[in-house]
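S.K.: The structure that follows is given in the form of structure tokens.
The values are calculated or read from the model by the stated rules, or taken from the named source; none is laboratory data. Keep in mind that what you see is a predicted model, and the values were worked out from it rather than measured. Cβ placement follows ideal geometry from the backbone for every residue including glycine, while neighbour counts extend to all protein chains displayed. All accessible areas refer to the heavy atoms of the entire protein, side chains included, with ligands and DNA or RNA removed. Shrake-Rupley method; radii C 1.70, N 1.55, O 1.52, S 1.80 Å.
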Amino acid sequence: MTSPIIIAIDGCSSTGKSTFAKAIAKELGYIYIDTGAMYRAVTLLALRNGFVSGDNTIDGEALCRVLSAGGRAADISFRVSGPGGSSETWLGGENVEREIRTIGISRVVSHVAAIPGVRKFVDRTLREIGARKGVVMDGRDIGTAVFPDAELKIFMTARPEVRARRRYEEMHARGYDTSYEEILSNISERDYIDTHRGTAPLSQAPDAVLLDNSDMTVKDQLQWFRELLKRRHLCGF
Ligand code: DC
């Protein structure tokens, strides 16, 4: 095994980034960081503080003030629940993993993530975590803005209907009652906002490897990844 590296995985929502990232982190013994969860936790903080109005306009100044004041209110962390358990998101000492996955948060999160001060706050936290190396991070701008020097970058994509179907099944398995149509429309809207925002818009880094997993199982993707590592002479399984 060569020395630990940073693996940056970017792509649109519901392309299976977290499933893939978790699987490769497990195989390599790396830490997995779901960077979207940080934006979701900041969104929850904004909603709870009344910084979001009906038309999804955010009081970015007030939100950034709370974030930069630091302290417990803005303390976002990841904790692993028991041995082999999955990472859960905590906000100010409260486990918010379930709450941040609701469609209510999904409707607002892209607007919150477009605020430059919010991105600065999240980027700083992610760089602190990544400094230790041996991490797999998934998001929208990890290979382009947060870690432009990451040793390995992967850009994931899949057809929108495939993505909406996957998210629908995932949400229903977790007990959320949201329609397929609502999910598909939310995915399209978020794609648009994420790729058109002024700060760090979603795009494929020139040195990122493209993975279209529309017709691939998780096993296929792992096999693809192993071959990629071999070709690049990077850390092996
Ligand atoms: O991956 P996700 O759907 O949980 O991400 C939620 C939102 O956060 C998504 O609409 C865009 C934003 N995001 C971002 O702007 N940059 C990242 N690195 C990760 C997520």
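S.K.: Can you find a residue that is away from the ligand (no atom under 14 Å from the Cβ), of a type in the set (G, A, S) and open to solvent by less than 70 Å² (accessible area, probe 1.4 Å) anywhere in the range 95-118?
M.R.: No.
S.K.: Now a separate question. Can you name every residue in the range 13-28 that is farther than 20 Å from P148 by Cβ and either at pLDDT 95 or above or not charged (D, E, K, R) (or both)? Before you say what the answer is, go through the steps one by one.
M.R.: Step one: list which residues in the range 13-28 are farther than 20 Å from P148 by Cβ, which gives 13-16, 18-20, 22-28.
The answer is S13, S14, T15, G16, S18, T19, F20, A23, I24, A25, L28.
S.K.: Right, here's the next one. Checking the condition small (G, A, S) and in a loop (DSSP other than H, G, I, E, B), which residue from G104, G117, G198 passes?
M.R.: Being small (G, A, S) and in a loop (DSSP other than H, G, I, E, B) holds for just one of G104, G117, G198, which is G198.
S.K.: Of the conditions (1) under 17 Å from the mean Cα position of the chain (by Cα); (2) surrounded by fewer than 18 Cβ atoms within 10 Å (Cβ to Cβ), E27 clears all except one; give me its number.
M.R.: It fails just one condition, (1).
S.K.: Something else now. Within the range 130-140, count every residue that is buried (at least 24 other Cβ atoms within 10 Å of the Cβ) and either of a type in the set (G, A, S) or part of a loop (DSSP other than H, G, I, E, B) (or both).
M.R.: 2
S.K.: Is it the case that A73 is farther than 29 Å from S188 by Cβ, more than 10 Å from the ligand (Cβ to nearest atom) and surrounded by 14 or more Cβ atoms within 10 Å (Cβ to Cβ)?
M.R.: In short, yes.
S.K.: Still on this structure: Can you spot a residue in the range 47-60 that is within 11 Å of the ligand (Cβ to nearest atom), in contact with a strand residue (DSSP E or B) (Cβ under 7 Å, 6 or more places away or on another chain) and of a type outside the set (K, R)?
M.R.: no
S.K.: Among (1) in contact with a Pro (Cβ under 9 Å, 6 or more places away or on another chain); (2) modelled with pLDDT of 95 or more; (3) of a type outside the set (K, R); (4) under 23 Å from G29 (Cα atoms), which single condition is L152 missing?
M.R.: L152 satisfies every listed condition except (1).
S.K.: I'd like to check something: does the range 174-191 contain any residue that is part of a loop (DSSP other than H, G, I, E, B), out of contact with any helix residue (DSSP H, G or I) (no Cβ under 6 Å at 6 or more places or on another chain), of a type in the set (S, T, N, Q) and open to solvent by less than 60 Å² (accessible area, probe 1.4 Å)? Let's see the steps before the verdict.
M.R.: If we filter the range 174-191 for residues that are part of a loop (DSSP other than H, G, I, E, B), which is where we start, we get 174-179.
Among the residues that remain, those that are also out of contact with any helix residue (DSSP H, G or I) (no Cβ under 6 Å at 6 or more places or on another chain) are: 174-177, 179.
Add one more test, that the residue is of a type in the set (S, T, N, Q), and what stays is 179.
Among the residues that remain, those that are also open to solvent by less than 60 Å² (accessible area, probe 1.4 Å) are: 179.
Checked against the condition, which is being part of a loop (DSSP other than H, G, I, E, B), out of contact with any helix residue (DSSP H, G or I) (no Cβ under 6 Å at 6 or more places or on another chain), of a type in the set (S, T, N, Q) and open to solvent by less than 60 Å² (accessible area, probe 1.4 Å), the range 174-191 yields at least one hit.
S.K.: Moving on. Pull up the range 141-162, narrow it to residues that are open to solvent by 10 Å² or more (accessible area, probe 1.4 Å) and part of a helix (DSSP H, G or I), then point me to the one that is farthest from the ligand (Cβ to nearest atom).
M.R.: Filtering first and then ranking leaves E161.
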